[in-house]
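Encoded as structure tokens, the structure appears first; notes follow it.
The values are calculated or read from the model by the stated rules, or taken from the named source; none is laboratory data. Keep in mind the model is a prediction, meaning the values are calculated, not measured. Methodologically, a virtual Cβ is constructed for each residue, glycine included, from the backbone with ideal geometry; neighbour enumeration extends over all protein chains shown. To get the accessible areas, we keep the full protein, side chains included, count just its heavy atoms, and leave off ligands, DNA and RNA. Shrake-Rupley method; radii C 1.70, N 1.55, O 1.52, S 1.80 Å.
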Amino acid sequence: MAAKTFDMIVIGAGPGGYVAAIRGAQLGLNVAIVEREHMGGICLNWGCIPTKALLRSSEVFHLMHRAKEFGLKADGVDYDLDAVVKRSRGVAKQLNSGVSHLMKKNKVAVFMGEASLPAKGKVSVKTDKGTEDLTAKNIILATGARARELPGLEADGDLVWTYKHALLPPRMPKKLLVIGSGAIGIEFASFYNTLGADTTVVEVMDRVLPVEDAEISAFAKKAFVKQGMKIREKAMVKQLDRAKGKVTAHIETGGKVEKQDFDTVISAVGIVGNVEGLGLEALGVKVDRTHVVTDEFCRTGIDGLYAIGDIAGAPWLAHKASHEGVMVAELVAGKHAHPVKPESIAGCTYCHPQVASVGFTEAQAKEKGFDVKVGRFPFIGNGKAIALGEPEGLVKTVFDAKTGELLGAHMVGAEVTELIQGYVVGRQLETTEEDLMHTVFPHPTLSEMMHESVLDAYGRAVHF
């Protein structure tokens with residue numbers, strides 16, 4: 001059987017791959033996409049989307065308990081974990097079929113199966129029905145990543161969970177240990193803690209949410225502790241002893257090991273790229289610690305072979321993958337493409353309170369030799385935040401004292417994952433403090449705090 005020929009083949013239909021395929025099709029390329037499991041990838045089926053659905057349920061549950069504060073009555077407030085999970089799966093399913101529809105609409109050929117690259121420009125797909133041979137001058141690797149498993153701390157789906165088990169919990173944890181306090185760890189800790197699990201978070205670095213600005217991490221930690229979470233920083237889980245219905249964790253802090261019992265452990269200690277079984281070694285593709293090495297245009301150094309998204313390294317964010325997908329599709333179609341700058345990509349964490357940031361932290365800006373001006377504005381000084389009953393939070397902005405360039409913005413509090421985009425647009429348009437000061441922000445909104453934080457950097461804050 002002759003091989004099917006395309007202009008571009010995308011391997012992996014997550015937020016990087018499927019977006020690359022759509023953009024390629026829009027530009028008139030004949031595109032194929034190969035996916036071994038789910039259209040929409042991890043993000044849509046087992047990551048970003050279903051976790052937000054779960055967190056929304058816990059947020060509403062939390063608010064129901066606060067009904068009295070708002071002059072409302074809600075008695076006997078409870079939850080049904082199965083129904084919460086069912087709603088989350090329904091949301092994921094709806095979007096999954098949406099991606100399939102988009103492939104049809106854009107006339108992208110879909111091959112469900114396991115892909116490998118037997119030679120340059122060739123893709124072999126193992127499907128249920130046999131093997132399909134495809135060829136294309138341009139191939140995009142968008143195979144994503146999976147949870148990192150540490151020796152001795154491997155998941156078993158019963159006592160020790162990965163994010164997948166945590167999304168389809170066999171039961172409600174009573175005493176929960178979360179290993180790792182990056183976005184995934186802290187979101188699950190937040191969800192289960194809100195529903196009443198006695199939650200402990202262990203983080204090897206010196207603070208929770210270690211990629212965030214130190215001040216924001218400290219603020220978030222205080223809020224988590226107030227909600228009853230136990231946070232252990234500069235700590236390490238050395239081993240897990242599993243018995244019937246319980247796990248004994250050996251937690252080391254400052255050279256001392258103590259044992260603690262839990263009924264459930266969630267491991268969220270980072271991710272590894274899906275680089276195996278593709279035939280990358282034989283092609284001479286450089287792989288560094290499970291990630292494909294690329295240049296700023298996602299080129300692998302092998303003619304016509306690109307890598308985007310999680311497989312191409314940090315930041316491991318869906319929106320970074322999508323943007324890289326668009327950029328590569330435009331390159332392939334002969335358009336003028338702009339590289340994606342990591343420091344222009346916002347990070348959002350949907351714990352309670354939410355955390356969001358873009359650009360350099362205050363410490364990073366100083367390390368890079370900038371003379372900085374820093375502004376802060378607390379939620380307690382904002383009318384809308386008080387009216388919402390969300391007076392705890394902080395907006396922090398970092399400017400270059402010499403040029404007024406906005407170097408970074410960092411927030412913790414209600415709805416900051418939506419607010420951050422204002423600063424992202426500002427950075428994209430190369431805004432200065434003056435532009436932001438002259439911008440009229442609507443009242444009463446949470447966004448006014450962004451304005452005040454800018455003003456504060458220059459000693460001009462009005463409401464604080």
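Close contacts from segment 192-217, counting a first residue that is closer than 16 Å to Val269 by Cα and a second that is acidic (Asp, Glu), with Cβ to Cβ under 8 Å and a gap of 6+ residues or different chains, come to Glu203/Glu233; Met205/Glu233; Asp206/Glu233; Arg207/Glu233; Val208/Glu233; Pro210/Glu203. The residue list Thr143, Thr135 contains one member that is over 30 Å from Gly389 (Cα atoms), over 20 Å from the mean Cα position of the chain (by Cα) and of a type in the set (S, T, N, Q), which is Thr135.
Being open to solvent by 10 Å² or more (accessible area, probe 1.4 Å) and touching a helix residue (DSSP H, G or I) at 6+ places or on another chain (Cβ under 8 Å) is the filter; apply it to segment 394-417 and report the residue that is farthest from Ile380 (Cα to Cα). Explain how you work it out, then say what you get.
Filtering segment 394-417 down to residues open to solvent by 10 Å² or more (accessible area, probe 1.4 Å) leaves 394, 400-403, 405, 414-415, 417.
Now restrict to residues that are touching a helix residue (DSSP H, G or I) at 6+ places or on another chain (Cβ under 8 Å): 394, 400, 414.
Numbers: Leu394: 9, Asp400: 27, Ala414: 12 Å.
Restricting to residues being open to solvent by 10 Å² or more (accessible area, probe 1.4 Å) and touching a helix residue (DSSP H, G or I) at 6+ places or on another chain (Cβ under 8 Å), the top hit is Asp400.
Scanning segment 367-381 for any residue that is within 25 Å of the chain's Cα centre (by Cα) and part of a loop (DSSP other than H, G, I, E, B) turns up nothing.
Look through segment 75-84, keep the residues that are more than 28 Å from the chain's Cα centre (by Cα) and modelled with pLDDT of 95 or more, and return whichever of them is surrounded by the fewest Cβ atoms within 10 Å (Cβ to Cβ).
For segment 75-84, the residue satisfying everything is Asp78.
Has segment 435-444 got at least one residue that is hydroxyl-bearing (Ser, Thr, Tyr) and open to solvent by less than 10 Å² (accessible area, probe 1.4 Å)? Let's see the steps before the verdict.
Taking segment 435-444 and keeping what is hydroxyl-bearing (Ser, Thr, Tyr), we get 439.
Remaining after also requiring open to solvent by less than 10 Å² (accessible area, probe 1.4 Å): none.
No, there is no match, as no residue in segment 435-444 is hydroxyl-bearing (Ser, Thr, Tyr) and open to solvent by less than 10 Å² (accessible area, probe 1.4 Å).
Screening His338 against (1) touching a His at 6+ places or on another chain (Cβ under 6 Å); (2) part of a loop (DSSP other than H, G, I, E, B) leaves a single unmet condition, (1).
Here's the yes/no breakdown for (1) over 30 Å from Tyr79 (Cα atoms); (2) at pLDDT below 95; (3) open to solvent by less than 10 Å² (accessible area, probe 1.4 Å):
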residue	(1), (2), (3)
Leu150	yes, yes, no
Leu167	no, no, yes
Met172	no, no, no
Thr200	no, no, yes
Arg207	yes, no, no
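In segment 251-280, what residues are aromatic (Phe, Trp, Tyr) and either within 28 Å of Thr294 (Cβ to Cβ) or touching a Ser or Thr at 6+ places or on another chain (Cβ under 7 Å) (or both)?
Here is the first cut: in segment 251-280, the residues aromatic (Phe, Trp, Tyr) are 262.
Result: no residue meets the conditions.
Given the criteria surrounded by 18 or more Cβ atoms within 10 Å (Cβ to Cβ), farther than 29 Å from Pro15 by Cβ, touching a residue at least 24 places away in the same chain (Cβ under 8 Å) and in contact with a Lys or Arg (Cβ under 9 Å, 6 or more places away or on another chain), does Phe360 qualify? No.
Pick out the one residue from Ala337, Ala333, Ala346, Ala321 that is surrounded by 21 or more Cβ atoms within 10 Å (Cβ to Cβ) and either of a type in the set (Ser, Thr, Tyr) or touching a residue at least 40 places away in the same chain (Cβ under 8 Å) (or both).
Values: Ala337 fails: surrounded by 21 or more Cβ atoms within 10 Å (Cβ to Cβ); Ala333 fails: surrounded by 21 or more Cβ atoms within 10 Å (Cβ to Cβ); Ala346 fails: surrounded by 21 or more Cβ atoms within 10 Å (Cβ to Cβ).
The match here is Ala321.
Being outside any strand (DSSP E or B), under 24 Å from Ile345 (Cβ atoms), at pLDDT 95 or above and in contact with a helix residue (DSSP H, G or I) (Cβ under 9 Å, 6 or more places away or on another chain) is a description that applies to Gly426.
Restricting segment 121-147 to residues that are modelled with pLDDT of 95 or more and part of a loop (DSSP other than H, G, I, E, B), the residue that is surrounded by the fewest Cβ atoms within 10 Å (Cβ to Cβ) is Gly121.
What about Thr431, is it at negative phi, open to solvent by 20 Å² or more (accessible area, probe 1.4 Å), of a type in the set (Val, Ile, Thr) and touching a residue at least 24 places away in the same chain (Cβ under 8 Å)? Walk me through it before giving the result.
Details: at negative phi: yes; open to solvent by 20 Å² or more (accessible area, probe 1.4 Å): no; of a type in the set (Val, Ile, Thr): yes; touching a residue at least 24 places away in the same chain (Cβ under 8 Å): yes.
No: the conditions fail for Thr431.
Does Lys93 satisfy the condition of being open to solvent by 80 Å² or more (accessible area, probe 1.4 Å), closer than 30 Å to Asp128 by Cβ and either without any contact (Cβ under 8 Å) to a residue 60 or more places away in the chain or part of a helix (DSSP H, G or I) (or both)? Quick ask: steps written out before the conclusion?
On the way: open to solvent by 80 Å² or more (accessible area, probe 1.4 Å): yes; closer than 30 Å to Asp128 by Cβ: yes; either without any contact (Cβ under 8 Å) to a residue 60 or more places away in the chain or part of a helix (DSSP H, G or I) (or both): yes.
Against the criterion (open to solvent by 80 Å² or more (accessible area, probe 1.4 Å), closer than 30 Å to Asp128 by Cβ and either without any contact (Cβ under 8 Å) to a residue 60 or more places away in the chain or part of a helix (DSSP H, G or I) (or both)), Lys93 qualifies.
Of the residues making up segment 247-263, none is closer than 30 Å to Ala414 by Cα and either among the β-branched types (Val, Ile, Thr) or buried (at least 20 other Cβ atoms within 10 Å of the Cβ) (or both).
Scanning segment 247-303 for residues that are in contact (Cβ under 8 Å) with a residue 40 or more places away in the chain, touching a helix residue (DSSP H, G or I) at 6+ places or on another chain (Cβ under 9 Å), hydrophobic (A, V, I, L, M, F, W, C) and part of a strand (DSSP E or B) returns Ile266, Ile271, Val292. If you go through segment 99-118 and pick out every residue that is under 14 Å from Leu280 (Cβ atoms) and either part of a helix (DSSP H, G or I) or without any contact (Cβ under 8 Å) to a residue 24 or more places away in the chain (or both), you end up with 0.
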